[in-house]
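Report on the following structure.
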Amino acid sequence: MFLAWRELSFARSRFALMGGVVALVSVLVVLLSGLSSGLVNDGVSGLKKLPVAAFAFGADTSVDSAFSRSTVDREQAERWAARDDVADVALFGNQLVNAEGPGGEAVDLALFGVEPGSFVAPSTTDLATGEILGDPHGIVVSETVGDLGLGIGDTVTIERLGTELTIVGVLDGQHTFGHVDVAYIPLATWQEIHAGATDAAEVRPEAYDEATAVALAPVDGADLDLAAGDAAAGTAAVSLTESFDGSPGYAAETLTLNLIQVFLYAISALVVGAFFTVWTIQRKHEIAVARAMGASTSYLVRDALGQAAVLLVVSTAIGMGAGVGFGALLTSTPMPFALEAGPLALAAVLLVGLGLAGAAASVGRIAHVDPLTALGGQR
């Protein structure tokens, strides 16, 4: 690293310029990572917090529209419950509704219809305040509903139906689906709303046996055999993670942001590779002198890669720090933004690793520098 440190000091303005580019890419990666995590949380945090391993939807239902088009019945749930690898099942309803608050304010809710006391129903440990489900027209809502000025005891009215729902409990943390706050509601009431009825007398009897999906929990240590269960129950089951694609806009949003991040990583590797290619060409004479004095090719390559590693690590650390600081300001805004240590650490490793790959591709020129070039001086 002797030559590397001398060059970093001698050409500090050039390396500072290159480091600034890498730092700016790091800032963009942090912001995109935070936006991606925020959109995921805003889109499927309600699903992620369910103690569910898989959902069984209606047969031939496409995953991207499963929560809006699927219908299953209690008989199918019972067939799943009869399987040895299934510990628990529960009918699960899902519907997005428009409602009004007590002051006439617009309130959008994702109604999760669950049977009180089932394994998917919120328990007392899930609550920040209030009570669990019990009242037929009581709902337990996400903590983020408080941003709308609603709280325990407030009543929201479903538009067009006029069904009044009273907030009896508030969940701890964010629970959203499709960028809409989740409201847990007794399954029977959900079935009435889903049927478009204003009272129980208008609901066809079989509607009380229907739901959007069957929520599945496996026996401890067992893997669910989804294919065999589907064959027995006539359903189309997917894992909890795969069901995220059923959240409105989830697949398109995550794919777009991930693609942008991939291009940023590629740009970073290309920019670093181009810089060190030009830098290697500019110091071709110095490299030839070093080789003529006995420096091995491997030594010069290690020196150049060490130089690249110093530049990348320092620049990435500075950029990540700046990005985290700026991102902390965004977390207090309505923008769905969340900084998570895991994705940020992975982003830092990828930036440094791909940058080193780009540098390695460029410093390969060192092996082709002829020591006899040193005899030519500056000719």
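The values are calculated or read from the model by the stated rules, or taken from the named source; none is laboratory data. Note that this is a predicted model, so its numbers are computed, not measured. Ideal geometry is used to build each Cβ from the backbone, glycine not excepted, and the neighbour counts take in all protein chains shown. Ligands, DNA and RNA are stripped out before the accessible areas are found, and what is left, the full protein with its side chains, is counted by its heavy atoms. Shrake-Rupley method; radii C 1.70, N 1.55, O 1.52, S 1.80 Å.
Just to check I understand the Karplus step: with θ = phi - 60° and J = 6.51 cos²θ - 1.76 cosθ + 1.60, what whole-Hz values come out for segment 168-183, glycine and proline as x?
Coupling constants for segment 168-183: 10, x, 10, 6, 7, x, 7, 9, 10, 9, x, 6, 10, 5, 7, 10 Hz.
Mind putting a number on the dipole of segment 60-233 about its Cα centre? Charges go on the C-beta only, +1 for Lys and Arg and -1 for Asp and Glu, and I need it in Debye to the nearest 20.
180 debye
Show me, for segment 70-76, the HN-Hα J-couplings you get by feeding each phi into the Karplus relation (A = 6.51, B = -1.76, C = 1.60, θ = phi - 60°), rounded to Hz, glycine and proline as x.
6, 9, 10, 10, 5, 5, 5
Relative contact order (percent) for the chain, with alpha-carbon contacts under 8 angstrom and 6 or more residues of separation? Please list the in-between numbers first.
Numbers: 702 pairs, mean separation 105.4, N = 379.
The value is 28 percent.
When you count, for each residue, the other Cβ atoms within 10 Å and take the mean per peptide, how do 149-162, 316-329, 346-359, 168-181 rank with the highest first? Before the final figure, lay out each step's value.
Values: 149-162: 14.7, 316-329: 16.6, 346-359: 19.2, 168-181: 20.9.
Packing order, densest peptide first, comes out as 168-181, 346-359, 316-329, 149-162.
Note the full-extension length gain between residue 322 and residue 298 as 0.36 nm times their separation in residues minus their Cα-Cα distance, in nm to one decimal.
Details: separation 24, 0.36 × 24 = 8.64 nm, distance 3.57 nm.
Using 0.36 nm per residue and subtracting the Cα-Cα distance, I get 5.1 nm.
P(r) for the chain: what percent of alpha-carbon pairs falls in each 20 Å bin, starting at zero?
For the chain, the binned pair fractions read 24, 38, 23, 13, 2, 0 percent.
Excluding ligands, DNA and RNA, what is the solvent-accessible area per residue of the chain at a probe of 1.4 Å, expressed in Å²?
Values: 17730 Å² over 379 residues.
I get 47 Å² per residue for the chain.
Could you tell me how many degrees, from 0 to 90 and to the nearest 10, lie between the Cα long axis of helix 12-48 and the main elongation axis, the longest principal axis, of the Cα atoms of the chain?
10 degrees
Taking the highest mean first, how do the peptides 36-48, 125-137 order by number of other beta carbon atoms within 10 angstrom per residue? Please list the in-between numbers first.
Working: 36-48: 21.7, 125-137: 14.5.
Ranking, from highest mean packing down: 36-48, 125-137.
Out of the total accessible area of the chain (probe 1.4 Å, heavy atoms of protein only), what percent is carbon and sulfur?
Numbers: 10560 of 17730 Å².
C and S fraction of accessible area: 60 percent.
Out of all DSSP beta bridges in segment 60-233, what portion is antiparallel? Express it as a percent rounded to 5.
Numbers: 28 of 38 bridges.
Among the beta bridges of segment 60-233, antiparallel pairing accounts for roughly 75 percent.
If you bin the C-alpha pair distances of segment 60-233 every 10 Å from 0, what whole percents do you get?
Whole-percent P(r) values from 0 Å outward: 10, 37, 34, 16, 3, 0.
Relative to the longest principal axis of the C-alpha atoms of the chain, give the angle of the C-alpha long axis of helix 341-363, reported between 0 and 90° and rounded to the nearest 10°.
30 degrees
Rounded to the nearest 10 degrees, what's the angle between the helix 297-330 long axis and the longest principal axis of the chain, both from Cα atoms, 0 to 90?
Value to nearest ten degrees: 40.
Amide H of residue 225: which non-local residues (sequence gap of 5 or more, or other chain) have their own amide H closer than 5 Å, using H built in the peptide plane?
none
Per residue of segment 217-224, what does 6.51 cos²θ - 1.76 cosθ + 1.60 with θ = phi - 60° give for ³J(HN,Hα)? Whole Hz please, x for Gly and Pro, Karplus curve as stated.
Per-residue couplings from phi come out as 10, x, 5, 3, x, 10, 9, 5 Hz.
Using the crude model of +1 on Lys and Arg Cβ and -1 on Asp and Glu Cβ, and no other charge, please compute the dipole size for the chain relative to its Cα centre, in debye to 20.
Numbers: 17 positive and 41 negative charges, 781 e Å.
So the dipole magnitude of the chain works out to roughly 3760 debye.
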